[in-house]
Amino acid sequence: MRPVHNNPYISLFRKDNLTIFRENDQTGALINGSTFLYKISEQFRDAILNNEWLDQGTFSGEFRILDSLGFIPTNVTERFNSSISSISLTLLHGCNMGCGYCCVGTNGSYNKPFQKMTSQVALRAVDYLLEHTTSKWLSVGFFGGEPLINWAVIKDTLRHTDKFPDKNWIFTLATNGTLITEEIAKILSEYNVMSYIPIDGPPSLHNKQRPFANGHSTYDIIVRNLDAMRKYGARFHLKAVYMENSPVQYNEMQEHLKKLAGDLSSFSIAFDQTKFHESTQHKAKYLETEVSNARDDCENIIAGKNARLKSKLNTVVANLLLGVNGHPNMCSAGWKHIQISPDGEIYTCHIAEYADKFKIGSIFNGFNDQFEPTKQKFLAPLKACKTCWAYDLCSKECNIMRTRMTELNPQYDADTVYCSSSQEIIGLAIKVALNLNSNNFHKLTAYFDDNSRELLRRTFETMEVIRSKLIHIKPCFLLPLNSNTAPIELNTLTV
């Protein structure tokens, strides 16, 4: 057996560094530890599998072209850049609604006394992010309870970021939608804030699951407030929770959200996380629907059909188009993302804010001695994950839920029901990425604003020209590795 040349970029294409895919007449090679996917020829695949020289003849010429353009990574070593790039502010412990399944305690209270964040704390949190990041792209999320109860602090925070024009700011808002006014919608649009607004299907079901704290209905108020969002071009994403034993079928809920979602909106459906690890039947039913929808989306995207995407498939495809080290879908809680409580304490995420064991510092005193151990615990793969081919593209289970399960059962490993569905969806995403062309690429950008859509169209066309000059090694990702182009434009491919 001939040894593989030790050229640093050619050595990445050794078979033990790759996962090889075969989809009909297309063959792909994914560099392990990344989302760098390449469409490869049969000749190049055979050379890899047979450990032949890869720096000879046509292969060598194509490597030189791709390397000069920045489409060959010199290494894939920095799997986890621990620089914080995202924070969420818990604007208050409290809410004007009384949803029975709230993940942060009764009436959004985190099971703690009512407390509101001050502008002083919020602005200090932004400064803390700036002090602890190496990223040009920074994200600030507004969370609750119901954050719009504390609207003045949100406004102050948005204005504060104007002082740092060298950073690219991404803003999100998790709101129940009942307090949106035209003034609020206008400012949300001004700062391009993405608002996540829950609507649990038809009015009768929504009002039962998501009433005001006094029991009154909320559906009509939220739908009316969506008109204000549309009027000012404020972005929003509708979310629903699918409960076990729901009187409404999953597809019926999906159709209802479809009607509510306008050009500036998208929607998604999750199932009740309080039942996630308790009801295998409920979870399997939900995941079966997700996989079925992903199969339909895969077929429709490749065929270029004019059909609305129904699954999370395009989010995985987006990560393949980005081409990044590490695990882009992995929960970033506690290592790239932190949650700031109303009094300035730092937690790994909003779900963890109820427990002091997940407190990892303070914006006034810095990270504590729990930060590093917690980060390493969250990053450590489960036993089953270590040998899974889909690991680098998998969203994986919630770290808090996983911690809870391992506390209950020290032998707990990966959730096989979740794993099998994730593997199939990731396989479908790879199939899409290998089959994208100028006739079907528009399916991935149909719900973008005009500027983003045009940017992506031009980028894809440029890559098509590059790929047309190659035979054996064609990158599926769109941006060269030294590009400063915004990753968020592709990360927001949601349905």
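The values are calculated or read from the model by the stated rules, or taken from the named source; none is laboratory data. Predicted, not measured: the structure shown is a model, and the values here were computed from it. Virtual Cβ from ideal backbone geometry, glycine too; neighbours counted across all protein chains shown. Note: areas computed on protein heavy atoms with side chains; ligands, DNA, RNA excluded. Shrake-Rupley method; radii C 1.70, N 1.55, O 1.52, S 1.80 Å.
One line per residue, one yes/no per condition, for (1) at pLDDT 80 or above; (2) over 25 Å from the mean Cα position of the chain (by Cα):
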| site | (1), (2) |
| --- | --- |
| ILE10 | no, yes |
| PHE44 | yes, yes |
| LEU66 | yes, yes |
| THR77 | no, no |
| SER85 | yes, no |
| SER88 | yes, no |
| GLY94 | yes, yes |
**OP:** Identify all residues within the range 106-132 that are open to solvent by less than 20 Å² (accessible area, probe 1.4 Å) and under 18 Å from ASP166 (Cβ atoms); write none if there are none.
**Re:** VAL126, TYR128, LEU129
Subject >> Residue pairs meeting the criteria (Cβ under 6 Å; at least 6 apart or on separate chains; first among the aromatic types (Phe, Trp, Tyr), in the range 135-164; second in a strand (DSSP E or B)) >> reply: TRP137/ASN168; PHE142/LEU89; PHE142/LEU173; PHE143/SER88; PHE143/THR90; PHE143/ALA174
Original post:
So, of the residues in the range 22-40 that are within 16 Å of LEU322 (Cα to Cα), of a type outside the set (A, V, I, L, M, F, W, C) and in a loop (DSSP other than H, G, I, E, B), which turns out to be most open to solvent (accessible area, probe 1.4 Å)?
Top reply: ASN32
**OP:** Quick one: PHE267 ticks every box in (1) in contact with a Leu (Cβ under 7 Å, 6 or more places away or on another chain); (2) open to solvent by less than 60 Å² (accessible area, probe 1.4 Å); (3) modelled with pLDDT of 90 or more; (4) not aliphatic (A, V, I, L, M) except a single one, so which number is it?
**Re:** (3)
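May I ask you to say which residue of ALA294, ALA333, ALA303, ALA318 is modelled with pLDDT of 75 or more and more than 21 Å from ASN440 (Cβ to Cβ)? Break it down into steps so the answer makes sense when it comes.
Numbers: ALA294 fails: more than 21 Å from ASN440 (Cβ to Cβ); ALA303 fails: more than 21 Å from ASN440 (Cβ to Cβ); ALA318 fails: more than 21 Å from ASN440 (Cβ to Cβ).
After applying the criteria, what remains is ALA333.
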Subject >> Residues of the range 213-260 that turn out to be part of a loop (DSSP other than H, G, I, E, B) and farther than 18 Å from LEU287 by Cβ, as a count >> reply: 11
Original post:
Would you say TYR232 is open to solvent by 40 Å² or more (accessible area, probe 1.4 Å), among the hydroxyl-bearing types (Ser, Thr, Tyr) and either under 18 Å from ASN293 (Cα atoms) or within 27 Å of the chain's Cα centre (by Cα) (or both)?
Top reply: yes
Original post:
Conditions: (1) open to solvent by 60 Å² or more (accessible area, probe 1.4 Å); (2) outside any strand (DSSP E or B); (3) hydroxyl-bearing (Ser, Thr, Tyr). TYR196 meets all but one. Number of the miss?
Top reply: (2)
Original post:
Can you name the condition, by its number, that VAL241 falls short on among (1) among the β-branched types (Val, Ile, Thr); (2) farther than 18 Å from LEU148 by Cβ; (3) over 27 Å from the mean Cα position of the chain (by Cα)?
Top reply: (3)
Original post:
So which pairs qualify, if the first residue must be in the range 204-218 and closer than 12 Å to TYR101 by Cα, the second must be at pLDDT 95 or above and in a loop (DSSP other than H, G, I, E, B), the Cβ gap must be under 6 Å, and the two must be at least 6 apart or on different chains?
Top reply: ARG210/THR218
Original post:
Taking ILE170, is it at pLDDT 95 or above, surrounded by 17 or more Cβ atoms within 10 Å (Cβ to Cβ) and not hydroxyl-bearing (Ser, Thr, Tyr)?
Top reply: no
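State whether one or more residues within the range 363-375 are within 29 Å of ASN319 (Cα to Cα) and exposed (fewer than 15 other Cβ atoms within 10 Å of the Cβ). Working first, answer last.
Filtering the range 363-375 for residues within 29 Å of ASN319 (Cα to Cα) gives 371-375.
Filter again for exposed (fewer than 15 other Cβ atoms within 10 Å of the Cβ), leaving 372-373.
Yes, the range 363-375 contains at least one residue that is within 29 Å of ASN319 (Cα to Cα) and exposed (fewer than 15 other Cβ atoms within 10 Å of the Cβ).
Table: residues versus (1) surrounded by fewer than 19 Cβ atoms within 10 Å (Cβ to Cβ); (2) among the basic types (Lys, Arg); (3) at positive phi.
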site	(1), (2), (3)
HIS350	no, no, no
ILE360	no, no, no
LEU379	yes, no, no
CYS385	yes, no, no
ARG402	no, yes, no
VAL417	yes, no, no
SER421	no, no, no
Original post:
Inside the range 103-154, can you point out the residues that are over 24 Å from the mean Cα position of the chain (by Cα) and in a loop (DSSP other than H, G, I, E, B)?
Top reply: GLY105, SER109, TYR110, ASN111, LYS112, PRO113, PHE114, MET117, THR118
